[in-house]
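Step one of this worksheet: look at the structure below.
Just so it is clear, none of the values below were taken in a lab; they were calculated from the coordinates. Source: prediction; values computed, not measured. Neighbour counts are summed over all protein chains in view; Cβ atoms, including those assigned to glycine, are modelled from backbone coordinates with ideal geometry.
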Amino acid sequence: MLEKAYTAKQFEDKIYKKWESHGSFKPSDAKKTFSIAMPPPNATGTLHLGHAIMLAIQDILIRYKRMDGYASLWLPGTDHAAIATQNKVEKVLAEQGISRHDLGRKKFLDEVKKFVANSQSTIRNQIRKMGSSCDWSHERYTLDDGLSEAVLEIFTRMYEDGLIYRGDRIVNWCPRCGSTLADDEVDYKEEKGKLYWLKYGPFSLATTRPETKLGDTAVAVHPKDKRYKKMIGKKYMIPGVLGDFEIVVVADEAVDPEFGSGAIKVTPAHSFTDFDIAKRHGVPLKKIIDEEGRMMKNCGKYAGMTTLECRKAILEDMDKMGLLEKTEDYNHQLSVCYRCGTSVEPLTSKQWFIDVNKKIKRLGGKTLKEKSIEVVKDGSVKILPNRFNKTYYHWMENLRDWCVSRQIWWGHRIPVYYCEDCNEMMVSVQAPKKCTKCHKSNLRQDEDTLDTWFSSGLWTFSTLGWPKQTEDLKRFHPTSVMETGYDILFFWVARMILMTTYALNEIPFKTVYLHGLVRTKTGEKMSKSKPETCIDPLDMIQKYGADALRLSLVIGSSPGNDIRLYEEKIAGYRNFVNKIWNSARFVLMNIEEKDYNANEKDVLNSELSKTDKWILTRLNEVIEDTTKKLEKYALSDAGTEIYDFLWGEFCDWYLEMSKVNKNPKVLSFVLKKILVLLHPFTPFVTEVVWENLNQKNLLINEPWPKKNKDMLFKKEKSEIKIVKDIITNIRALRVESNVDVTRKIKAVIYAGKHEGLMKKKSTIISRMANLGELEILKSGSKLKNALMSVVEDVEIFLPLEGLMDIDKERKRMQKEITEMKNNIDFIEKKLANDGFVNKAPKEVVAKERARREDLIARLEKLRKQLESL
RNA sequence: GGGCGCUUAGCUCAGUUGGCUAGAGCGACUGGUUUACACCCAGUAGGUCAUAGGUUCGACCCCUAUAGCGCCCACCA
């Protein structure tokens, strides 16, 4: 006997262990396969709702496919998250007054490893709490030996293909992290700044960064700008705070003649635009800001100052020299590091880059960019929702060479070795023992590590054993779905496509499902600084259960759209979970053990009432619909449909009707099918109930149901609809007329052609409408002093002599009649319209006609009743 | 500056390729210890589907403009 209410925390851990110990998460050996590489959470901390939603969605997909007979692999893992992790550990050490340099590379890395091991075990535990049916025997970590080998292998190959090169180029530099950042790792923040107008030799020009004047080597103007035409190509000496310096005037399309004076100072070493201009015109670079964000030695008295200090000092000096013309308020976008928020310093530096514009043989003469765009354009990779295609193309088309070297310690060290004796450079997976040129063994490995997205870009295949040609790789790659937040489409999804098409000449996944961000009830971003609206998934699991949390994240959310989450919503789904439990409780109380395994044959061979036929019909329709919806990734729709079926039909009607007349085989059969359908959504409660039905196998391994045509009963479906409508009408009538609900009143039904049906279902009607007496006749004269309603051609009377207010009832009927008339008018207008009758599909017209007939017949009956009152 | 999304009942959201003068949950209100469930049951109220045009026999749905909110991208110094 089940407890009165379901308490999730009493069962969830036990059930999860049961699945694990049965090896239920391991892919079967079926031929058809389905696979998802779980986006690896950063190994830096704990799970948040962003993880919870991804786990819920992916688990639904995996469980569904597993039940549907696919060998399904859901591969879990973690990411070393280079900069994020290093920053975190540095912060912890800083509290003890230690810097990473105090410890040295090796000891510092040991600290990081300890930290990671700890958070990994937290994460594993939390993934389990969500009910995620991932295959732990396949768990991977981006720094595993195998995965590291894949990273070095790709690096080496790309180098050999000429795709990876070392260049002295301008990069985004975070002075706090002490490292480069990729273009998309830079955030922009609106800043109230100033625009300074400088007297600049023969020019007058505006800048937001006067301190960079020390690094200027040119002035650029628009080629068509008449004001400066004569000056193009000439050199000028410009008076400056450190004496005069020379610039050359160049003409470049990048200059906007409308802005400022139409002339811009060019600081090639510290601005992306200027760098490009300088490159186009062969203008020299002059680097003046170092990697700590300080002015370099070549800046005279300003050397050693931070850029901001220097800006202040240089403005004062320029003002004294009369070089500062005016200052205006100016808002602009300040670029900051996405990890730590520090203002990013563009500077030139020797770094490793991936050339995205080089045509290569391996890709049939296409560039990395072109190939990445192609696989989405030709539909090999489908993005859901597909409006993100456009965003993806735009990003890819504008992608610049990807800077992959980072000056941090935590990560995959670049497999490049330099000979200290002859300066030869070697790139190889295995560290070389001797210099290939001078054969001496005085070698030094490059200090830098790789961008964290370099390794995660390989995630779908490095986790399956590549570069070895493993069985897993053959079976499960390309993966079926990549499910992740739309906020990392560029960071990760795009990079996986780029890296995988290069490495394997194969797509990494067939479908990309992008979920939205989880927000508060009022639509704000959840942040830990606002604990009152910031929901911790683990708290919610503790309080309402994982099943309830999963539903609250999945139902009402669609790909690409943000979702609002709040506690009442989760509580609501907890109620639904309890409803599942109680429906099962009722069924268990009404069947015997021999019915637990009733199959389709048993059901069809049993004596089926109209009610049974109706619920079987609906069940099979629901099976068909939800399966279609799941195939379309319409998870929310699928979930809603089963929710409504269980609560609104099975519980509200079928179980209630079973209290009069039950068929234990049908009760058992339908309940079990519902459990199967619900299992991907609410795995825990369904498995617990399943257990109580003494099933030999676990529900997680139960096959997904298919529609059975022998269980579709069209006639009974519409008959039961009439019965339901009659009951609903009687209930409404008595409540509207303030008749005490508990009072067992009498009803008279003139059933017309439905006499047989009514007589068969009279007990059910009596019970569900709480009637004391029910008289069923084929027809008769209108009853006075009675409430009345009509369903199809069935007339219902509630004779309430003495209890009813005739005036009130007249008004009520009058109102109903008026509404009906309006309705009929509306339909008639439509039918009188030739355009409609001729152009609308036949079914639509026929439907309207039938509706009109029905309404007219009912109207007539109501009218007569009104007259007789 | 470019691109995208959203605007439906008090709140949170559904509404499939145009065809029930629009649905659910929560909240409100009325009333209920009936063979599971008060985490429940029965019922009621509440919407010119942001605005203005257009296409169509027919628009919440398609098109165009407008407004408000939000997001992404961008080297206007």
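Brief remarks follow.
- Candidate cross-link partners of residue A:778 among the aspartates and glutamates, defined by an alpha-carbon separation under 12 Å and a same-chain spacing of 8 or more, comprise A:755, A:793, A:795.
- Chain A: antiparallel DSSP beta bridges as a percent of all, rounded to 5: 65 percent
- Protection proxy ranking, highest mean first, for peptides A:35-43, A:93-101, A:193-201, A:478-486: A:35-43, A:478-486, A:193-201, A:93-101, where packing is the per-residue count of other beta-carbon atoms within 10 Å, averaged.
- Checking the cross-link pairs A:662/A:724; A:194/A:265; A:629/A:760 against a 26 Å limit on the alpha carbon distance flags A:629/A:760 as lying beyond it.
- Ranked by how many other beta carbons lie within 10 Å on average, peptides A:850-862, A:510-522, A:824-836 from highest: A:510-522, A:850-862, A:824-836
- Within chain A, helix-based [θ] at 222 nm, where runs of 4 or more DSSP H residues each add -39,500 (n - 2.57), nearest 500: -13000 deg cm²/dmol
- Take every pair of alpha-carbon atoms less than 8 Å apart whose residues are at least six positions apart; their mean separation over the length of chain A yields a relative contact order of 12 percent.
- Segments A:152-158, A:642-648, A:106-112 sorted - mean Cβ within 10 Å per residue, highest first: A:152-158, A:642-648, A:106-112
- Counting only alpha carbon atoms, the long axis of helix A:495-504 and the longest principal axis of chain A meet at about 80°.
- Number of Lys pairs (Cα under 25 Å; 8 or more positions apart or on different chains) in region A:796-837: 6
- Across the cross-link table entries A:14/A:525; A:613/A:659; A:199/A:301; A:632/A:721, which are compared at the Cα atoms, the separations over 24 Å belong to A:14/A:525; A:632/A:721.
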